[in-house]
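Single-structure report; data block below.
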Amino acid sequence: MMNKSSITKKIIILFISLVFSISAIKVRYGGEISLRLNEPDSFSFSPSNYSNMIFYSLIYENLFFLKGEGTISSNLFSSYKYEKSHKTLVLKLKKNLSFSNGDPILSSDVQESIQAFLALNLESAKKARNIVKSVYTREYQVLLELHYDFPGIVSLLTAPELVLLPGTGFRYSGLFYPSEKVQDKHIILKPNKHYPGGSSYLDSLKVVFYDFYYPDVFLGGPSQDVKNYNEFKGGVYQNIYILFPKKQVGQNTRIALFSLLRLFFEETGMDELNAFTSNDESPISLNIKQFPDYKIRKILKYSKIKLYIPNSLNNIEVSLKEFLQKKRIPLETIYLGDNQLYNFLNNDNKVEHLVLGKVFNKRMPIEAKVKKIIKELTFSRFNEKYLNLINELEEVEFLKNEEMLINHLSGIIEQIIKDGFLLPIAQERYSIYVNRNLQGIELDYYGRPLFQGVRLNEIEK
């Protein structure tokens, strides 16, 4: 049994240890942290890859957030309520909200943002578009009238692509706003003092685009052993596809382009992709024939092919150019902004060869990923046949028969390969690495880091 002096001594030691630990690391308000991403094409909202999803989430506010554990929250609305009797979702906007420049946030801004989202060529937008009949406003209210009873409508509005857009002018709705940009170097973001969720604890956030040092937060492949960094696994990956949107391209040309691009993306360190979604979950493994170098060169050397690539993949521009020169293949590569690219696809028949990246989350069921691929990547080929396949897939999902579901998914994948308009090339998996001197970072359901509560730990010497 301890005597009184022993107990007193232990209490004193414990108290001294506690005081020392509190003084050794304390929360610092202010300061700048750095985040390494790919350089965005512009400040206009275009979340077409994982890096862009993160960047634009810093300067544009989502209408709703879905946390990793499934809870939904909003910084914009004081309340949101689904009225079953009227098949209407009522969003009540908080009063006295402002954009970064002080302009008031109006219910009409929210209405226009929802309408812009519903018009997107995305599976999440198309699903919501089939449910939402109209969007209208009252003072401080936005109302979504539905075609039919659907109490889960708010869950569809958590899509990362649904943000509060600024309309016109130099104004932003997110936690930060851009204050300085140096091409190929960095963007300085400053805290938005009008941010509806409360201003950042930081003085600034520096988004850098070069690789020669470790910033505070960066994207990397999973399970890297990086000293003094914590790894956050968001289950996010990006697939690269070669598409032939407008008409049937000859088989030799398709396989030559596929073989060439697979070699290139392997050189960049990406994983070979032998499935439409991911190798470990696909019901069938695709064994697509590849040509050797000499045959690739023979087919493509005089083909005068124009390869269209979205600016969201402009980080490959230099390395792809060097690769094509090394292979002595004179392909013309054309980089377009995402909106410009989709205008080309919808209004022009010249886009015959296209490289696209699509972001997926491991949490998403494989059937949802296949539907996303069909709805977002088939373009003018999304005809009655594919609509029937989607409808049949949804019927099989409803039956909750795993064997029937896998068989149907296999049939869809085989049909896409047979039609020959889309071939999977490579996959890049991501983790987020965070300096251990940062406190308060978390990931949302979609694998994006949330910076609202981020602070620096200051280590005393």
> Between the range 80-102 and the range 321-361, how many Å separate their Cα centres?
Replying inline: 40
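Could you work out the local net charge near residue 149, counting Lys and Arg as +1, Asp and Glu as -1, over the other residues with Cβ closer than 11 Å to its Cβ? Mind showing how you got there, number by number?
Details: positive: 84, 87; negative: 83.
Here the count lands on +1.
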> If you line up the long axis of helix 338-347 against the longest principal axis of the chain, both from Cα atoms, how many degrees apart are they, to the nearest 10?
Replying inline: 30
> In what sequence do 363, 448 fall when counting other Cβ within 10 Å, fewest first?
Replying inline: 363, 448
>> If each residue of separation counts as 0.36 nm, what is the full-extension length gain between residue 231 and residue 287 once their alpha-carbon separation is subtracted?
In response: 16.8 nm
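How much length would be gained if the chain were fully extended between residue 32 and residue 214, taking 0.36 nm per residue of separation minus their Cα-Cα distance, in nm to one decimal? Intermediate values should be presented prior to the final figure.
Numbers: separation 182, 0.36 × 182 = 65.52 nm, distance 1.44 nm.
Stretched out fully, the residue 32 to residue 214 stretch lengthens by 64.1 nm.
Give a quick list of trypsin sites (Lys or Arg not before Pro) in the range 72-154 that DSSP marks as loop, anything other than H, G, I, E or B, with at most 14 other Cβ atoms within 10 Å. If you can, show how the numbers build up before the last one.
On the way: sites: 81, 84, 87, 92, 94, 95, 126, 127, 129, 133, 138; in loops: 87, 94, 95.
Those that pass, being in a loop and sparsely packed, are 94, 95.
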> From the residues 410, 218, 299, which one has its Cα farthest along the dipole of the chain in the positive direction, the dipole being from +1 and -1 charges on Cβ of Lys/Arg and Asp/Glu about the Cα centre?
Replying inline: 218
> Where nothing but the Cβ of Lys and Arg (+1) and of Asp and Glu (-1) is charged, how large is the charge dipole of the range 382-461 around its Cα centre, in debye to the nearest 20?
Replying inline: 560
> Is the shape of the range 214-350 best called rounded, prolate or oblate, per the rule: a/c under 1.5 gives rounded, else a/b larger than b/c gives prolate, else oblate, with a ≥ b ≥ c the square roots of the Cα gyration tensor eigenvalues?
Replying inline: prolate
>> If the only charges are +1 at each Lys and Arg Cβ and -1 at each Asp and Glu Cβ, what is the size of the charge dipole of the range 235-429 around the Cα centre, to the nearest 20 debye?
In response: 1020
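At a Förster distance of 22 Å, what's the computed FRET efficiency of residue 79 paired with residue 339, Cβ-Cβ distance as r, to 0.05? Let's see the in-between values first.
Working: r = 34 Å, r/R0 = 1.55.
Efficiency at R0 = 22 Å is approximately 0.05.
Express as a percent, rounded to the nearest 5, the fraction of DSSP beta bridges in the chain (both residues included) that run antiparallel. Display every interim value, and only then the final one.
Details: 66 of 79 bridges.
Antiparallel bridges make up about 85 percent of those DSSP assigns within the chain.
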> Tell me, 455, 297 in order of fewest to most beta-carbon neighbours within 10 Å?
Replying inline: 297, 455
> For the charge dipole of the range 235-429, defined by +1 on Lys and Arg C-beta atoms and -1 on Asp and Glu C-beta atoms about the Cα centroid, which residue among 288, 239, 277 has the Cα displaced farthest towards the positive pole?
Replying inline: 288
> Extension gain residue 185-residue 403, at 0.36 nm per residue separation less the Cα-Cα distance, in nm?
Replying inline: 73.4 nm
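Within the range 27-56, report the chymotrypsin sites (Phe, Trp or Tyr not before Pro) that DSSP leaves as loop and that have at most 15 other Cβ atoms within 10 Å.
Working: sites: 29, 43, 45, 50, 55, 56; in loops: 29, 43, 45.
Those that pass, being in a loop and sparsely packed, are 29.
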> If you rank 53, 404 by fewest surrounding Cβ atoms within 10 Å, what's the result?
Replying inline: 404, 53
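Suppose every K and R has +1 on its Cβ and every D and E has -1 on its Cβ; what is the size of the dipole of the chain about the Cα centre, in Debye to the nearest 20?
Working: 58 positive and 50 negative charges, 107 e Å.
The calculation lands at about 520 debye.
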> Got a sec to turn the phi values of the range 187-194 into Karplus ³J(HN,Hα) couplings, 6.51 cos²θ - 1.76 cosθ + 1.60 with θ = phi - 60°, whole Hz, x for Gly and Pro?
Replying inline: 10, 9, 9, 10, x, 7, 5, 9
> Quick one: helix 384-399 against the long Cα principal axis of the chain, what's the angle to the nearest 10°, folded into 0 to 90?
Replying inline: 50
> Between the range 381-438 and the range 239-265, how many Å separate their Cα centres?
Replying inline: 19
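How long are the semi-axes of the equivalent ellipsoid of the chain, taking √(5λ) for every eigenvalue λ of the Cα gyration tensor, in whole Å from largest down? The partial results should precede the final answer.
Numbers: eigenvalues 333, 182, 113 Å².
Sorted largest first and rounded, they come to 41, 30, 24 Å.
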> Of 144, 230, 361, which is farthest on the positive side of the dipole of the chain, counting Cα position, with +1 on Lys and Arg Cβ, -1 on Asp and Glu Cβ, and the Cα centre as origin?
Replying inline: 230
> Per the helix-only calculation at 222 nm, which mean residue ellipticity applies to the chain, given -39500 (n - 2.57) for every DSSP H run of n ≥ 4 and division by its residues, nearest 500 deg cm²/dmol?
Replying inline: -10000 deg cm²/dmol
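For the range 235-429, give the share of DSSP beta bridges that are antiparallel, in percent and rounded to the nearest 5; count only bridges with both residues there.
Percent antiparallel among DSSP bridges in the range 235-429 is about 75.
A short reminder: the numbers here are calculations on the coordinates, not readings from a lab. These numbers were taken from a predicted model, which means no experiment stands behind them. Cβ coordinates were reconstructed from backbone atoms using ideal geometry, including for glycine residues, and neighbour counts include every protein chain displayed.
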